[in-house]
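Peer 1: One structure follows; several queries about it will come next.
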Amino acid sequence: MDYKVLLESAEGLLSTEPTNLSILSNASAFLNDAIPDLNWVGFYMYKNGILTLGPFQGKVACNLIMPGKGVVGTSYSKK
């Protein structure tokens, strides 16, 4: 996979999006379509000490995750 081309394509698609929500929504759809064999791609937003599920493509996901808990929370804590 040519990640440089992927990044350039994503930049072209997302640079005209009007809101953060639409950027995250199209970014998850774009990555899901462009990268074979993914089962989940998406975003969690951090607010008030909790990671909250945002736009994604894939299987059902946890709505709320505490930092340091599970794969996503631990990844967040370790940056």
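The values are calculated or read from the model by the stated rules, or taken from the named source; none is laboratory data. Being a predicted model, the structure only gives us computed values, none of them experimental. With ideal geometry, Cβ positions are generated from the backbone for all residues, glycine too; neighbour counts draw on all protein chains shown. We work out accessible area using only protein heavy atoms, side chains counted, and drop any ligands, DNA or RNA first. Shrake-Rupley method; radii C 1.70, N 1.55, O 1.52, S 1.80 Å.
Peer 1: It is to be established whether one or more residues within the stretch 60-70 are surrounded by fewer than 13 Cβ atoms within 10 Å (Cβ to Cβ), at pLDDT 95 or above and within 12 Å of the chain's Cα centre (by Cα).
Peer 2: No, that holds for no residue.
Peer 1: Can you find, within the stretch 34-43, the residue that is modelled with the lowest pLDDT among those that are closer than 30 Å to Gly68 by Cβ and open to solvent by less than 50 Å² (accessible area, probe 1.4 Å)? Before the answer, list the steps.
Peer 2: Initially, the stretch 34-43 is screened for residues closer than 30 Å to Gly68 by Cβ, giving 35, 37-43.
From what's left, open to solvent by less than 50 Å² (accessible area, probe 1.4 Å): 35, 41-42.
Values: Ile35: 94, Val41: 97, Gly42: 97.
For the stretch 34-43, the residue satisfying everything is Ile35.
Peer 1: Next question, about the same structure. Conditions first: (1) open to solvent by less than 60 Å² (accessible area, probe 1.4 Å); (2) at pLDDT 95 or above. Lys78 passes all but one, so which condition is the exception?
Peer 2: Every condition holds for Lys78 apart from (1).
Peer 1: Hey, another quick one. Is it the case that Leu31 is open to solvent by 40 Å² or more (accessible area, probe 1.4 Å) and free of Cβ contacts under 8 Å to residues at least 12 places away in the same chain?
Peer 2: no
Peer 1: Do any residues in the stretch 1-19 that are open to solvent by 100 Å² or more (accessible area, probe 1.4 Å) have Cβ atoms under 9 Å from those of residues that are modelled with pLDDT of 90 or more and not β-branched (Val, Ile, Thr), where the two are at least six apart or on different chains, and which pairs are they?
Peer 2: Met1/Ala34; Met1/Pro36
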